[in-house]
Amino acid sequence: MMEKILIIGGGASGMAAAIAASQNGARQVTLLERQARVGKKLAATGNGRCNLTNLEASVRRYHGADPRFAAPVLRDYPPERVLAFFSSLGLQTVTEYGGRVYPRSDHAGSVLDVLRLGLERENITLLTGCAAEAMRRSAEGFTVTAGERGFDADKLILACGGCAGGKLGGVMDGYVLAASLGHSRTALYPALTPLRTAPDYPRALKGIRVDARVRLRKGERVLAQARGDVLFTDTGLSGTAVFEISRAAAGETGLTAELCLFDAPEETLFDDLCARRARWGALEANRILTGAAQSRVGQMLCRYAGISGGAAAETLTDAQLHALAQAMCAFRLPVTGASGFEAAQVTAGGLRTSEFDPETLQSRIVPGLYACGELLDIDGDCGGFNLQWAWASGLRAGELR
Ligand SMILES: Cc1cc2nc3c(=O)[nH]c(=O)nc-3n(C[C@H](O)[C@H](O)[C@H](O)COP(=O)(O)OP(=O)(O)OC[C@H]3O[C@@H](n4cnc5c(N)ncnc54)[C@H](O)[C@@H]3O)c2cc1C
């Protein structure tokens, strides 16, 4: 008799779990996906490039009530092993700064393509447009209902993901299904998400991307900081550096985002401004940063420092240039909040990891039930760590130990 395995969720972790489970030819694997196709979110990852793992993955890059829960899975499925899995499916990859790994094609679609190929096995049945609505224990194992259909399974893997990125398929289903069999979850909040800021300055900069150090402050206290990509949007700040600090904004008020747009000491910046004043004295005052920054950024910093157009640069006082130098390394924007689940890349929080065995990902409450991916209370930093967890935990759950 073939052992019947049912996997709910055809995202990153569910596809990895299905391929792993099918390695044992004595199993019949059924993968249910509620959307019209598998991997819809995956195709949108990494701005369409899919940052599929990070060579620096270790437990300290993960969060949750007990991040150490991720340790055995990461030990057994480090990035190198995940990349070997993808290589066995035919994917070629490149590694960029910070250990971030992308497909060589630079297209997330390539990652999805090889997974779909990997799913084409005799003992895997893929059913799309099929949302699991209820599940219960039966004498043999489990019965899952999806619309008019019912599925029996000896073992069940929940790979429904979290509720971030609703347009790409983020839903609450996994938490609800797990709760129906006695599992509980922690509070959920959006992580790796843009920050909303007061509307004054950034709106004029919409669409501009800069490399900056960004600090999240509560008063003078620094709650989090990161260096990298910052994108000005019509609601505030986005980009990888902002995503990294967004976790610290959850539930907080009275925050400020401080951008350091010039990587030099304030005195050096002041000296450079004095030289510019002498050299380009006839230039309009608010264009004094011409050539040092994108023009819209330069003018915005001048405005922030109280320097307007009209007068010539040679009329600027030392006090005004000091204010500008300060703005260049500490441009502060009041944060009105972190964006919600819709704009977030990841759900922080999830199924309580204390209710699962970290070595096997099998439930401690319901034997034969496994969970993997973002559904569990594990989420990672920006940079490929979340997909690394999805693959690693999916491959582990698919062993069905
Ligand atoms: C815009 C965006 C960009 C991202 N970029 C990156 C990146 O570059 N690198 C990185 O590491 N991480 C990235 N992430 C995060 C990463 O995509 C997720 O952490 C990862 O996809 C989680 O995998 P998962 O399998 O747990 O969930 P998902 O990939 O979300 O898959 C869950 C699947 O389950 C299905 N499902 C849910 N309920 C049911 C049900 N009842 N019945 C049947 N099917 C169901 C869903 O439709 C979905 O397809 C990004 C996320 C977003 C939103």
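Screening Gly48, Gly90, Gly39 for residues that are buried (at least 18 other Cβ atoms within 10 Å of the Cβ) and at pLDDT 95 or above leaves exactly one candidate, Gly39. Checked against (1) closer than 19 Å to Lys41 by Cβ; (2) touching a residue at least 40 places away in the same chain (Cβ under 8 Å); (3) away from the ligand (no atom under 14 Å from the Cβ), Val82 passes all but condition (3). Number of residues in the stretch 90-109 that are touching a residue at least 60 places away in the same chain (Cβ under 8 Å) and within 26 Å of Val29 (Cβ to Cβ): the value is 2.
Contact map, the stretch 120-138: residues that are loosely packed, with under 12 Cβ neighbours inside 10 Å paired with residues that are assigned to a loop (DSSP other than H, G, I, E, B), Cβ distance under 8 Å, separation 6+ or inter-chain. Pairs shown: Arg136/Leu181. Of all residues in the stretch 239-276, which are among the hydroxyl-bearing types (Ser, Thr, Tyr) and either crowded, with 21+ Cβ neighbours inside 10 Å or assigned to a helix (DSSP H, G or I) (or both)? Answer for the stretch 239-276, where residues must be among the hydroxyl-bearing types (Ser, Thr, Tyr) and either crowded, with 21+ Cβ neighbours inside 10 Å or assigned to a helix (DSSP H, G or I) (or both): Thr240, Ser246, Thr268.
Output the residue which, of all residues in the stretch 112-140 that are among the small types (Gly, Ala, Ser), at pLDDT 95 or above and part of a loop (DSSP other than H, G, I, E, B), is farthest from the ligand (Cβ to nearest atom). Among those that are among the small types (Gly, Ala, Ser), at pLDDT 95 or above and part of a loop (DSSP other than H, G, I, E, B), it is Gly129. Taking first residues from the stretch 37-48 that are within 25 Å of Thr125 (Cα to Cα) and in contact (Cβ under 8 Å) with a residue 40 or more places away in the chain and partners that are of a type in the set (Gly, Ala, Ser) and more than 7 Å from the ligand (Cβ to nearest atom), the Cβ contacts under 8 Å between residues at least 6 apart in sequence or on separate chains come to Leu42/Ala108; Ala43/Ala108; Ala43/Gly109; Ala44/Ala108.
Flag: Ala65 matches the condition of being within 23 Å of Gln362 (Cβ to Cβ) and part of a loop (DSSP other than H, G, I, E, B).
Looking at the stretch 36-56 only, could you name the residues that are assigned to a loop (DSSP other than H, G, I, E, B) and either closer than 21 Å to Thr193 by Cβ or hydroxyl-bearing (Ser, Thr, Tyr) (or both)? Within the stretch 36-56, Arg49, Cys50, Asn51, Leu52 qualify.
The values are calculated or read from the model by the stated rules, or taken from the named source; none is laboratory data. What you see is a predicted model; the values in this text were computed from it and never measured. Note: ideal-geometry Cβ built from the backbone for every residue, glycine included; neighbour counts use all protein chains shown.
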